[in-house]
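Following: one structure in C-alpha cells, then a few remarks.
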Amino acid sequence: MTQRVELATVRDRLAVDGLVTEYAVAVDDGDWEAYRGLFTPGGRADYRSAGGIEGSAGAVAGWLAESLGRFPVRQHLIVNRRVRFGIWEQDTGDTARVQADYVNPLGRDGQDGVSPAPDLVCGGRCVFAMLRTDDGWRLSEVVVREKWRCPPDARAAPVID
C-alpha cells in the first residue's frame, strides 16, 4: 500500500467516524434537520427493535422528535466502532459499514435544567451503512438493535431489613 492510499484510507476512516458522531449529536440535540441531512436522498433508518418504526430518514426523524420529546436530556455514547470499507459488490471504495455499540441515558429536565439521574437507560448496537457522495460520506441506512433497557424501577436498590 502506498503512502497516498494509506492517507486516503485514514481520511475516509476519520470522515466515517465523524459521521457516526454527528448522528449521535443530532439525535441528542434534537436537531432533526441535521439528522435528515446526514442521510442520502433514499436513506432509511430502522428503530423497530427499540419499539420504533422503520422508514425514510424524514419519517424516522419525525417519529424520533415525537417519541424523544419526553426526554429532553439525552446522551448517546457510541463505542467499539468497527469500520469496514468496500462492503457492496463491485465497490470502488465508496461504501462503508460501521457496527458500534451504544449506551443511551435519557432523562427529563430537573431543577436548573439538570437531570439528577436518567429516567431510562438503554443499550445495544447500531449498524450504519454509508455511501460516499459528492457532498461527502452520508448514511444510506441505520439499523438500531436495542439489546437491553433499564427503566427507573429496575434501578431501585432492594430494601434490606
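Every number in this text was worked out from the coordinates using simple rules, so none of it is lab data. None of the values given here were measured: they were computed from a predicted structure. Here the Cβ positions follow ideal geometry from the backbone for every residue, glycine too, while neighbour counts run over all protein chains shown.
Would you pull out the residues with amide H under 5 Å of E141's amide H, same chain only if 5 or more places away, H placed 1.01 Å from N?
Correct list: R44, A129.
Compute the distance in nm between two label points, each set 7 Å from the Cα along the Cα-to-Cβ direction, one at S49 and one at W148.
1.5 nm
How much length is gained if the chain between V79 and S56 is pulled fully straight, taking 0.36 nm per residue apart and subtracting their Cα-Cα distance, in nm to one decimal? Intermediate values should be presented prior to the final figure.
Details: separation 23, 0.36 × 23 = 8.28 nm, distance 2.52 nm.
Once the chain is fully extended between V79 and S56, it gains 5.8 nm.
Can you list the residues, at least 5 places off or on another chain, whose amide H is less than 5 Å from the amide H of D119, using H built in the peptide plane?
Amide H neighbours of D119, under 5 Å, 5+ apart: L106, G107, R108.
Determine, for each peptide in 51-62, 136-147, the mean count of other beta carbons within 10 angstrom over its residues, then list the peptides with the highest first.
Details: 51-62: 16.8, 136-147: 18.5.
The packing order, highest mean first, is 136-147, 51-62.
Full-extension gain between D29 and D135, please, as 0.36 nm times their residue separation minus the C-alpha to C-alpha distance. Working shown, then result.
Working: separation 106, 0.36 × 106 = 38.16 nm, distance 2.27 nm.
Stretched fully, the D29-D135 segment lengthens by 35.9 nm.
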